[in-house]
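Note sheet for the following structure.
The values are calculated or read from the model by the stated rules, or taken from the named source; none is laboratory data. A quick note: this is a predicted structure, and the numbers were derived from the prediction, not measured. Quick reminder, even Gly has a Cβ in these numbers, built from the backbone with ideal geometry, and neighbours come from all protein chains shown. Each accessible area value is taken on the protein alone, full model and side chains, heavy atoms only, with ligands, DNA and RNA left out. Shrake-Rupley method; radii C 1.70, N 1.55, O 1.52, S 1.80 Å.
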There are 4 protein chains.
Amino acid sequence: MIITTAAFKGGVGKTTTAIHMAAFLQQDGDTLLVDGDPNRSATRWSKRGAGFLFKVVSEQQAAKYGRSFKHIVIDTQARPEREDLQDLVDGCDLLILPTTPDVLSLDALMQTVNLMKVLGSQQYRVLLTRVPSAPRKDGAEARELLVTAGFPLFKAQIRELVAFQKAALDGLIVAQVNDRRAKIAWSDYLSVGQEILNG
Amino acid sequence: MIITTAAFKGGVGKTTTAIHMAAFLQQDGDTLLVDGDPNRSATRWSKRGAGFLFKVVSEQQAAKYGRSFKHIVIDTQARPEREDLQDLVDGCDLLILPTTPDVLSLDALMQTVNLMKVLGSQQYRVLLTRVPSAPRKDGAEARELLVTAGFPLFKAQIRELVAFQKAALDGLIVAQVNDRRAKIAWSDYLSVGQEILNG
Amino acid sequence: MIITTAAFKGGVGKTTTAIHMAAFLQQDGDTLLVDGDPNRSATRWSKRGAGFLFKVVSEQQAAKYGRSFKHIVIDTQARPEREDLQDLVDGCDLLILPTTPDVLSLDALMQTVNLMKVLGSQQYRVLLTRVPSAPRKDGAEARELLVTAGFPLFKAQIRELVAFQKAALDGLIVAQVNDRRAKIAWSDYLSVGQEILNG
Amino acid sequence: MIITTAAFKGGVGKTTTAIHMAAFLQQDGDTLLVDGDPNRSATRWSKRGAGFLFKVVSEQQAAKYGRSFKHIVIDTQARPEREDLQDLVDGCDLLILPTTPDVLSLDALMQTVNLMKVLGSQQYRVLLTRVPSAPRKDGAEARELLVTAGFPLFKAQIRELVAFQKAALDGLIVAQVNDRRAKIAWSDYLSVGQEILNG
DNA sequence: TGAGTTAGAATGGCACCACCCGTC
DNA sequence: GACGGGTGGTGCCATTCTAACTCA
C-alpha cells in the first residue's frame, strides 16, 4: 500500500502523520518512508532517536528501495500546486491531507482542492490534526465546515498533545514516549489506520 | 520603515505577525502590507472583514504603491532558500523570523539560518509565536535554546490565544475582536513593536 | 415545495426570512435559494460565512438547477407591482409577505395588496418580523390591525434580536450564532415553518 | 437650497429624514417637499395629520411649484441605479444617504456607492439613522466602518426612538408628538440641519 | 519507576449587574 | 416613579491539559 501526505501549509502535522502512518503499516509488513520534504523533517526526526522499525530514505533513494517493501509512505514537500495534486493522487493508493482546525489552514485547503471533490474518498481524505481539547469547539466546527463543503473526512482525528512534541524531540514514535497520554495519542493514529484498512 | 516576515515552515504565525506589525506601524503613519504569500493569506484575511486601516496589496502591485506610504510590511512566501535570506535582509530595515517553540519549527529555523548569526540583530530577529501558557515550558526552553545558539531574539513573545483565531475568522485585528483576552493578545504585538522602536 | 418572499419596503427582514425558511426546509430535503434581489443580499450573506447547507443561486441560474431540489425558496426583489403579485402567487406554493410592525411598512403593505384578500391563506400569508419585545405593544397592535383588515397572518412572529444581526455579519444561520438568544431567535422561524407544514 | 434623500434599501428612515429636513428648512423659509417615492409615504404621512407647514407634492407637480419656494427637499424612490446617482447629485445641493447601522444596509450602501467617494463631501453625505442606544455599539461600529471606507459622514446621527413611530402614525413632525423623548428626537435632526448650514 | 494529587492557565457556559428605553 | 426586557460587561465555575510533587 502506498500512502502519501501533502499539505498546503506547514505546521499541520504532515510529517507527524507520515511517520505514524508508517509505524502503523509496519505492524503489517516492512514499510518504507520516503522523506520528500526539503526540510528533511522526517529524516532528522528519525536520526534524533534510536531509529524506527521502518526505513527512512530521501526522495532520490526511493527508486532504489522501490519494491522491496510491502508498504510505502511518502511525505511530500509543502504547498503542492493544484496541478500536482492529480499526480499525487495517481501515484499512491491514498492521499492524506492533514489540516489543523484553524481558519488559515482550512482556508488554504478549501481554496486549493475544491476541484478534487469530484474524486472518490477512496483516493484522498482530509485528516483533522492538532485538535484542541474541550471546552474548545474548534474540532467540531472545522468538521462541520469540511463536511458541508463536501470533503471526504476521516472520522478519526488527532488530538493536540505534548506527547507528539516529545516524540519529535526524542526521535521516537509517540507510542514509545514517556508521557501519561502517549497511549491516547497513539490510539488516535491507530484509529486512522483502522479506518483506512476497513475502507 | 520596511519590515519583512519570513518563515521556513508554515503555521508559525507569519501572516498574523505581518498583519499586526502593519497595524502597529499604522498608528505612526500610513502603512502598506505587501502580501507575497502564494496562498494570499493576508489578502483573504483582510477581505473577510471590513478592511484594515492599512492597505493590502499583492507583490505585483507593490512597486506601484511603493513610496507613497511611510511604512511597508512584506509578508513573504514560506520557505525561502538560504541564498534568498541575504536578499530579504538587504531589502528591508528589519527581517522578522517568527517561529513556534516546537521541535520541528526550531529545527528548520536553526538548520537554515546558522550563517546569519554573523549579522547584527539590527537586521533580523527571531520572534517566538504561539507560545503555550504555563505550566508548559515550551517558550522558556525554546528561548534558552535560541539564545544559546546565538540568535537575536525579541524579548517579547506572542501567546497562543483563541483571540487570534477569531481575528483571522472575522478579518479583524486582534485588538478589535470580541474576546475576553483580546487586549492581552494585542499587547503582545504592542511589545514587539515598541521593542523595535526602542532599538 | 416552493416558497417566495416579497415585500413592499426594504428592511423588513425579507432576505432574513428567505434564508431561514431555506434552512428550515433543508432539514427535510435538499433546498435551493434563488436570490432575486438586485442587491444580492442573500448571496453576499452566504459568502461572508462558510456556506449554507442549502444552495444559493442567482435568478439566472434558477432554471438550470430547477428540478434537482426538493424545495425552492425565492427571494424576490423589493416592491413588486400590484399586477406582479398574482404572478408571484401563481409561481409558488406559498407567498410570504414579511412586514415590520411600524406604520410605514404596514401602510405600504395594506395599500398595495388589498385586492389579494380574496385569495385564501393557502396561497399567501403575512409574517410580522422585527417585533420589539414587551413592554412595547407594536406587535400586538399591528397584529390586530392586520387581522381586522382581513389579511391572513402567521400566528408565529419574529422577534427583533441582535442575534439576527450577528448572523448576517458572520454569514450564518441564526441558530449557529454565538449569542445568548440565538436559540430563541431560531425557534421563531421554526414556529413559522411548522405552521406552514401543519397547513 | 435643494436637498435630496436616497437609499439603496427601505426602512432606513429615508422618508423620515426627508420630512424632518423639510421641517428644519421651513424654519428659514418656505419649503417644498417632493414625494418621489412610489409608495407615496411622505404624502400619506402628511395626510394622516393636520398637515405640515411646508407643502408636499408629487414628483409630477414638482415642476409646477418649482421656484416659488426658497427650499426644496426631494424624497426619491428606493434603490437608485449607480448611474442615477450622479444625476441625483447634480440635481441638488446636497444628497443625503441615510443608512441604519446594520450589516445589510451598510453592505448595500458600500457596495453601490464606492465610486462616489471621489466626490467631495459638499455634494453628498451619509447619515446614520435608527441608531440603537447604549449599551449597543452598533452606531459606533458602523461609524468607524464608514469612516475607514472613506465615506463623508454626518457627525450627527438619529436615534431609534418610538417618537418617530408616533410621528408617522399621527402625521406630525416628531417635535409635535406627545412623547417624553420627542424633544430629543427632534434635536437629532436639528443637529443635522445645523451641520449642513455650518458647512 | 509508576500512580495519584495538586496548582496553574485558558476556554466556554452561566449568572449577575448596569444601562437604556418604553409602558403603566 | 416603578417595572419589564434586551444588551453588553464582568465575574464565577466546570472542564481540560500540563508540570511538579508525593507516595508506594
* Asked: Where Lys and Arg each count +1 and Asp and Glu each count -1, what net charge lies around D:Pro38 among other residues with Cβ under 14 Å from its Cβ?
  -> -1
* Cβ-placed point charges (K, R +1; D, E -1), dipole of region A:129-199 about Cα centre in debye, nearest 20 -> 180
* Asked: Shortest first, in nm, what separates the label point of B:Asn198 from those of the same position in the other copies (7 Å along Cα→Cβ)?
  -> 4.2, 5.8, 6.7
* A:Glu144 label points, 7 Å along Cα→Cβ, one per copy: pairwise distances from this copy to the rest in nm, shortest first? -> 2.7, 4.1, 4.3
* **Residue-averaged beta-carbon neighbours from other chains (10 angstrom radius) around A:34-42** => 3
* Asked: Rounded to the nearest 5, what % of the DSSP beta bridges within the protein assembly as shown are antiparallel ones?
  -> 0
* Structure fact -> Projecting the Cα atoms of C:Asn114, C:Ile74, C:Thr43 onto the charge dipole of region C:19-141, where Lys and Arg contribute +1 and Asp and Glu -1 at Cβ, the residue farthest towards the positive end is C:Thr43
* Structure fact -> For region B:80-159, listing trypsin sites (Lys or Arg not before Pro) in a DSSP loop whose Cβ sees at most 14 other Cβ atoms within 10 Å gives B:Arg136, B:Lys137, B:Lys155
* Asked: At a 1.4 Å probe, what is the % contribution of carbon and sulfur to the accessible area of the protein assembly as shown?
  -> 50
* To do: With a 1.4 Å probe on protein heavy atoms only, work out how much accessible surface C and D bury together, total over both chains, in Å² to the nearest 100.
  => 2200
* Asked: What is the set of long-range amide H partners of D:Leu33 at a cut-off below 5 Å, with H atoms built 1.01 Å from backbone N?
  -> D:Lys55, D:Val56, D:Val57, D:Val73
* **Alpha carbon centroid spacing (whole Å) that separates region B:1-67 from region B:112-154** => 23
* Structure fact -> Counting Lys and Arg as +1 and Asp and Glu as -1 over every other residue whose Cβ sits under 11 Å from the Cβ of C:Phe69, the net charge comes to +2
* To do: Sketch the reach of a paramagnetic label on C:Asp93 as a point 7 Å from Cα along Cα-to-Cβ, and name the residues of region C:9-40 whose backbone nitrogen lies under 16 Å away.
  => C:21-34
* Structure fact -> In region B:2-197, lysine pairs 8 or more places apart or on different chains with C-alpha atoms under 15 Å apart total 5
* Using a 7 Å Cα-to-Cβ projection, A:Gln60 label spacings across copies, nm, ascending -> 3.6, 5.4, 8.8
* Structure fact -> Treating only Lys and Arg (+1) and Asp and Glu (-1) as charged, each at its beta carbon, one finds that chain A has a dipole about its Cα centre, in Debye to the nearest 20, of 600
* Ignoring everything but the protein chains, give the 1.4 Å probe accessible area of A:Ile19 in square angstrom, nearest 10. => 0
* FRET efficiency, 1/(1 + (r/R0)^6) with R0 60 Å, evaluated for A:Val118 and B:Lys70 via beta carbons -> 0.80
* **Under 13 Å from the A:Gln86 label point (7 Å along Cα→beta-carbon), backbone N, region A:1-45** => none
* Structure fact -> To the nearest 0.05, the calculated FRET efficiency linking B:Lys137 and D:Lys137 through their beta-carbon distance, R0 being 41 Å, is 0.55
